[in-house]
């Protein structure tokens with residue numbers, strides 16, 4: 001989707017050095033500011049921009065910004081500290097085609113090599129696409145190496161043609177994956193640079209630390225001092241000269257040096273004022289632990305951060321920490337310092353943050369950095385993922401996010417990061433309390449839970465239901481190699497414990513394969529008499545440490561096994577009991593390439609890490625916890641084993657015509673609504689989405705004529721009444737099936753006229769479809785997450801059965817595979833009882849085309865296909881409903897701060 005900038009829209013974005021600029025459309029009153037931009041340029045730069053050093057050219061260029069909208073001219077400016085530092089423009093009507101525009105770019109002296117021009121061009125590309133422009137053209141002097149490099153590095157295919165001292169460039173504006181990756185790389189570099197003052201500050205000031213114990217500011221200052229912060233530390237308090245041994249100053253402006261990071265812990269009514277003082281003094285980052293800001297105070301706080309180029313964590317947060325030895329930053333008011341390590345933690349809730357830090361400490365898993373996001377005005381989970389990707393320390397990411405500012409950008413970042421490290425989250429807010437009532441089957445099925453889970457699944461994020469489950473899974477992923485698949489062998493010294501562990505594994509979707517004869521003989525040779533080598537393997541209560549170690553070692557070395565789960569209970573039968581037996585698990589030979597976990601039924605804590613020569617073995621008190629953690633590990637291994645997936649190109653798609661259909665409908669109905677059958681069919685035809693043959697009729701005679709033309713081999717047809725707003729035809733008894741002959745068709749039409757004559761605008765005639773599998777597909781456009789594609793079992797009971805899966809558009813080939821295989825009805829699609837599979841390629845194409853339509857058209861609020869008939873020969877929509885609303889879409893991948 002593309003962004004249509006509103007008049008006067010202002011967005012803030014980061015440059016390559018991490019500083020902030022405002023990007024906005026140029027206004028007529030910018031004339032003097034643009035003229036000043038050009039007047040301050042050197043003669044050399046003027047020549048490169050205008051092909052001469054004439055100041056007259058600069059005056060003409062500045063005069064262009066007063067052109068009215070609709071003239072084919074558009075300009076975007078980059079503004080910093082109230083001054084325009086760059087301008088990018090395009091003008092249509094200059095090229096050979098109507099969908100091309102000539103561009104120009106200028107960046108002020110002293111502002112080069114910071115990404116100003118590239119950022120402006122990215123925003124100009126997005127605006128141009130929204131207005132139907134498909135190609136940029138530009139002329140440059142051959143020695144203007146900087147602008148030519150900007151064009152070449154943009155990520156779009158730039159074609160050059162040299163003519164003497166000039167270069168003519170043509171840049172197609174195709175929305176390619178290469179371009180998106182280029183934008184992402186630039187965004188990540190800028191994002192990481194902007195976070196350095198926040199997470200690696202050399203100087204910190206705590207504003208609002210009190211002299212008396214009990215204040216939040218004092219607690220933060222205490223943690224900074226006892227945590228041995230490696231940089232310079234100051235306090236700001238007008239009533240003290242020293243707090244906790246830290247020199248205090250009466251105001252920010254009185255500090256002897258400019259802090260990189262200021263911690264603000266003052267009452268809500270003073271937060272914005274203090275932030276403004278920090279900005280004016282040159283502070284680069286704020287951590288606001290204060291809470292209770294109202295809407296006006298919040299707006300003023302964020303405005304100060306944007307105006308003065310400061311990143312913001314919070315407000316209403318627990319604080320942040322970075323355990324790097326060169327930093328040693330603990331700017332939290334938590335009770336204990338996080339231990340150094342490699343787990344990155346980001347949470348919105350301070351309480352959840354305390355719970356996670358405490359759980360990691362009990363496990364002995366250290367933290368690389370911790371950020372409590374609080375109300376998340378600025379710094380987000382997406383920012384932290386990009387930081388952890390490049391910090392050189394983090395190999396495990398733990399997230400607790402209650403909201404998503406830009407879910408699609410977050411998803412792209414997470415897809416990339418999770419291939420390098422596990423990302424775990426707590427799937428909070430799973431209940432149906434927030435389920436919205438909606439008219440269509442699609443909207444009724446599309447819950448917030450389903451949308452969020454689709455995001456996690458596509459991004460490769462391991463979503464757990466509770467904090468204990470997250471910690472249990474983290475313990476396994478942090479210490480053990482990933483299992484290649486889900487083949488698990490349970491080993492126990494007590495039959496009942498083995499049965500519990502086996503049941504838990506099976507319920508978690510893991511496989512307990514029978515052991516091959518050779519392995520059985522090998523195990524029997526090392527286990528005590530009476531041992532059973534079925535799966536689970538019962539080593540008996542008489543097993544010794546040496547025997548158990550040999551058993552686990554042989555299982556871990558076998559190629560047909562992916563994980564070994566050892567369930568132990570203390571007994572007094574053998575000499576080796578309790579912790580002695582545990583050593584057999586933690587020091588088993590040949591276990592480095594296999595996943596090992598333990599279940600200790602007498603354990604008092606839910607999960608702990610047993611010391612071992614390979615970094616630790618997770619031990620669980622509950623077999624179900626161990627099985628859940630193993631299942632999460634198996635899912636991650638399977639995800640990493642397959643390619644990331646791509647969005648396939650589709651033949652026969654006419655996006656421009658589709659947009660014209662939408663514009664025409666909304667022009668006639670500005671408030672939007674459900675499409676009539678003819679407009680619906682026209683829109684589906686733009687995307688090659690197959691429908692059953694049909695005819696629109698408005699009279700009884702037209703219905704008879706259409707039925708005679710459309711009837712199938714059996715002669716039956718279907719008649720469906722239509723009126724604006726009708727959604728559920730079956731519920732309204734607005735459908736007649738299995739009509740044969742003229743008399744039945746006439747009688748059915750007359751029945752509709754009698755019952756719906758005051759509503760009905762016409763009817764649809766279709767041939768009676770042959771038998772097949774009735775499926776359901778649809779789209780809901782979520783205003784935050786974007787389009788969500790749903791798929792599952794269809795028919796009149798689709799909402800009751802709720803056999804649905806969902807993925808966010810645009811769908812990749814892997815997403816489509818997951819959609820088709822996820823519902824419980826999936827085995828029906830692949831054939832059973834000797835019947836062949838349905839047209840799976842056709843089904844894949846249907847979902848991909850539906851995804852493309854939803855991605856192209858943000859106005860598409862709902863699309864509902866029920867039933868979608870799947871047969872071996874084809875897949876066809878028997879009924880289609882589409883609702884449009886007047887919406888503008890923001891490019892989710894365009895670089896911009898929240």
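The values are calculated or read from the model by the stated rules, or taken from the named source; none is laboratory data. These numbers were taken from a predicted model, which means no experiment stands behind them. Here the Cβ is made from the backbone with ideal geometry for all residues, glycine too, and neighbour counts use every protein chain on show.
Of the residues making up the stretch 41-100, those that are farther than 30 Å from residue 20 by Cβ and without any contact (Cβ under 8 Å) to a residue 12 or more places away in the chain are 43, 52, 53, 54, 56, 57, 60, 68, 70, 71, 96, 98. Helices (runs of 4 or more DSSP H) fully within the stretch 464-572 that include at least 2 residues being touching a residue at least 40 places away in the same chain (Cβ under 8 Å) and surrounded by 21 or more Cβ atoms within 10 Å (Cβ to Cβ): 467-479, 495-507, 545-556. Of the residues making up the stretch 723-760, those that are part of a strand (DSSP E or B) and either touching a helix residue (DSSP H, G or I) at 6+ places or on another chain (Cβ under 6 Å) or over 21 Å from residue 676 (Cα atoms) (or both) are 736, 738, 739, 740. All of 864, 891 fail the test of being under 22 Å from the mean Cα position of the chain (by Cα) and either at negative phi or assigned to a helix (DSSP H, G or I) (or both), apart from 891.
Residue-wise test of (1) touching a strand residue (DSSP E or B) at 6+ places or on another chain (Cβ under 6 Å); (2) closer than 18 Å to residue 220 by Cα; (3) in the same structural domain as residue 213 (by TED's automatic domain parsing); (4) in a helix (DSSP H, G or I).
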position	(1), (2), (3), (4)
263	yes, yes, yes, no
269	no, no, yes, yes
279	no, no, yes, yes
320	yes, yes, yes, no
354	no, yes, yes, yes
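Within the stretch 659-674, the residues that satisfy the criterion of being buried (at least 18 other Cβ atoms within 10 Å of the Cβ) and either at pLDDT 95 or above or under 24 Å from residue 822 (Cα atoms) (or both) are 661, 662, 665.
Among residues that are in contact with a helix residue (DSSP H, G or I) (Cβ under 9 Å, 6 or more places away or on another chain), under 19 Å from residue 310 (Cα atoms), surrounded by fewer than 23 Cβ atoms within 10 Å (Cβ to Cβ) and at pLDDT 95 or above, residue 268 is included.
Taking the conditions exactly as written (under 19 Å from residue 20 (Cβ atoms) and in a loop (DSSP other than H, G, I, E, B)), does residue 259 satisfy them or not? Judged against the criteria, residue 259 is a match.
Restricting attention to the stretch 337-352, and to residues there that are out of contact with any helix residue (DSSP H, G or I) (no Cβ under 7 Å at 6 or more places or on another chain) and under 23 Å from residue 213 (Cα atoms), which single residue is surrounded by the most Cβ atoms within 10 Å (Cβ to Cβ)? Filtering first and then ranking leaves 350. Restricted to the stretch 768-781, and to residues there that are in contact with a strand residue (DSSP E or B) (Cβ under 6 Å, 6 or more places away or on another chain) and more than 18 Å from residue 846 (Cβ to Cβ), the residue that is surrounded by the fewest Cβ atoms within 10 Å (Cβ to Cβ) is 768. Note on the stretch 616-696: enclosed helices (runs of 4 or more DSSP H) holding 1 or more residues that are in contact with a strand residue (DSSP E or B) (Cβ under 6 Å, 6 or more places away or on another chain) and closer than 30 Å to residue 600 by Cα are 623-641. Taking the listed residues 626, 695, the one that is over 30 Å from residue 581 (Cβ atoms) and over 26 Å from the mean Cα position of the chain (by Cα) is 695, with no other qualifying. Residues in the stretch 573-588 that are modelled with pLDDT of 65 or more and not in a helix (DSSP H, G or I): 587, 588.
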